1. Going by what's in this entry, would A:SER157 be described as modelled with pLDDT under 90, open to solvent by less than 100 Å² (accessible area, probe 1.4 Å) and not in a helix (DSSP H, G or I)?
2. Among the numbered conditions (1) surrounded by 10 or more Cβ atoms within 10 Å (Cβ to Cβ); (2) more than 30 Å from A:ALA62 (Cβ to Cβ), tell me where B:ALA141 comes up short.
3. If only one of A:ALA62, A:ALA46, A:ALA125 is open to solvent by less than 30 Å² (accessible area, probe 1.4 Å), facing chain B (nearest Cβ under 10 Å) and not in a helix (DSSP H, G or I), which one is it?
4. Which one of these is away from chain B (no Cβ under 14 Å), more than 26 Å from B:PHE11 (Cα to Cα) and open to solvent by 30 Å² or more (accessible area, probe 1.4 Å): A:MET82, A:MET116?
5. Which members of region A:85-113 meet the condition of being under 10 Å from the mean Cα position of the chain (by Cα), within 13 Å of chain B (Cβ to nearest Cβ) and not hydrophobic (A, V, I, L, M, F, W, C)?
6. Of all residues in region A:73-122, which are outside any helix (DSSP H, G or I) and of a type in the set (A, V, I, L, M, F, W, C)?
7. Working only within region B:12-43, note down all residues that are at the interface with chain A (Cβ under 7 Å from one of its Cβ atoms), open to solvent by 60 Å² or more (accessible area, probe 1.4 Å) and out of contact with any helix residue (DSSP H, G or I) (no Cβ under 8 Å at 6 or more places or on another chain).
8. Filter region A:15-37 down to residues that are within 13 Å of chain B (Cβ to nearest Cβ), in a loop (DSSP other than H, G, I, E, B) and not polar (S, T, N, Q), then give me how many there are.
Amino acid sequence: MATTGEEHAGGLQIHPMDQFVVKPLFGDGPVYWYTPTNVTLWMGIAILALIALLVLSTRRRAIVPSRGQSVAELFYGFIHKMVEDVAGHEGLKFFPYIMTLFMFVFLSNILGLVPMSFTTTSHIAVTAVLALLVFFTVTLVGFYRKGIGFLSMFWVSSAPLVLRPILALIELISYFVRPLSHSIRLGGNLMAGHAVIKVFAGFAGAMGVASVVRVAGRQRSGLRLYHPDLCLSS
Amino acid sequence: MVGRDTLLAIFWLMVTLVVIYLVLSRIALPRISAVLADRKGTITNDLAAADELKQKAVEAEKAYNAALANARTEAAKIVAQAKAEIQKDLDAATARADVEISAKAAESEKTIAAIRDGAATAVAEVARATAAEIVAALGGAVDAKSVTAAVTARLKG
């Protein structure tokens with residue numbers, strides 16, 4: 001009986017990283033940079049979800065909102081207030097841009113929870129692009145608006161003079177590391193989380209099958225119910 | 001070297017972000033902001049209207065109270081007037097009745113006095129006649145003069 005159990009454990013085929021493979025949607029040919037793949041599919045689904053969430057739900061422009069419209073207004077109000085609080089009234093120019101990033105990350109993460117789905121934000125290529133977009137936007141806008149004065153951000157004037165060069169170095173490093181940390185935080189979390197979920201889900205299936213097989217085998221062999229081998233081997 | 005998958009993901013991400021940006025900035029965000037502004041305007045207008053109506057209600061209440069007070073004083077005036085008129089009528093009627101009563105009383109007194117006088121003379125006559133009959137029955141000569149004098153003297157006594 002113990003060998004049967006081991007056979008099942010050995011036959012346990014869990015491939016937690018398979019879900020991150022980029023596959024072409026049509027055919028099996030080579031993948032070029034423009035090939036429609038599952039990346040394309042799930043980004044497209046994200047766009048459709050966005051349109052359903054923010055455009056279709058508000059098409060009646062009701063003064064008293066429906067459920068869908070109030071969800072759309074909640075998203076709008078949440079990001080609008082955040083941008084206004086952080087960047088001030090002038091910063092609202094960047095509101096559509098920030099809303100784009102937020103909605104994309106939000107919808108991709110939520111859609112990744114659908115079983116058998118492809119999580120686009122689990123790829124560093126995606127999250128790194130998002131992080132670099134923000135990085136370059138901040139840097140370029142900073143230099144455009146403040147000129148060379150933008151660099152005074154690294155020169156902490158409220159610190160003692162002795163500490164300032166050291167702090168400037170630390171600030172500089174943290175500024176350039178930030179896109180890396182942003183992209184790894186999102187992509188790494190999603191990849192690890194989804195891999196773990198896949199492993200657990202695979203265990204659940206394998207254990208379910210194994211338990212049924214053991215009960216059937218036990219009845220056939222006529223062994224006692226609490227034989228130590230039986231308990232340990234599973 | 002950057003793999004094909006990476007280039008592909010970057011390309012499609014760019015496409016997606018541009019589409020999302022266009023959808024948001026052209027359609028969704030202006031629409032939602034218009035709806036929110038609309039709602040804010042509606043709420044402000046409604047509040048103002050409600051305030052106005054409240055003001056009106058207060059004024060109406062004031063007017064109502066004033067009208068009520070007016071009506072009260074008016075009613076009191078009317079009541080007082082009616083009372084005075086009734087009092088006047090009553091006084092007149094009482095006076096008339098008093099006059100009538102005193103007239104009737106005087107008449108009655110006169111009648112009573114007449115009856116009393118009549119009674120006194122009748123009594124004297126009857127007494128005289130009776131006395132004359134008694135004297136005659138006792139066998140004395142009836143002297144009309146002396147009988148009358150005696151009866152009159154008795155009646156006076």
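The values are calculated or read from the model by the stated rules, or taken from the named source; none is laboratory data. Owing to the predicted nature of the structure, the values given are computational and were not obtained by experimental measurement. With ideal geometry, Cβ positions are generated from the backbone for all residues, glycine too; neighbour counts draw on all protein chains shown. Ligands, DNA and RNA are stripped out before the accessible areas are found, and what is left, the full protein with its side chains, is counted by its heavy atoms. Shrake-Rupley method; radii C 1.70, N 1.55, O 1.52, S 1.80 Å.
1. yes
2. Tallying (1) surrounded by 10 or more Cβ atoms within 10 Å (Cβ to Cβ); (2) more than 30 Å from A:ALA62 (Cβ to Cβ), B:ALA141 fails exactly one: (1).
3. Details: A:ALA46 fails: not in a helix (DSSP H, G or I); A:ALA125 fails: not in a helix (DSSP H, G or I).
Being open to solvent by less than 30 Å² (accessible area, probe 1.4 Å), facing chain B (nearest Cβ under 10 Å) and not in a helix (DSSP H, G or I) holds for just one of A:ALA62, A:ALA46, A:ALA125, which is A:ALA62.
4. Values: A:MET116 fails: more than 26 Å from B:PHE11 (Cα to Cα).
Result of the check over A:MET82, A:MET116: A:MET82.
5. Listed by number, the list holds a single entry, A:SER108.
6. The initial filter retains those residues of region A:73-122 that are outside any helix (DSSP H, G or I), namely A:88-89, A:113-119.
Within region A:73-122, A:LEU113, A:VAL114, A:MET116, A:PHE118 meet the criteria.
7. Matches in region B:12-43: B:ASP38 only.
8. Here is the first cut: in region A:15-37, the ones within 13 Å of chain B (Cβ to nearest Cβ) are A:20-25, A:29-37.
With the extra rule that they be in a loop (DSSP other than H, G, I, E, B), the set shrinks to A:21-23, A:25, A:29-36.
After this cut, where a residue has to be not polar (S, T, N, Q) as well, the list is A:21-23, A:25, A:29-34, A:36.
Here the count works out to 11.
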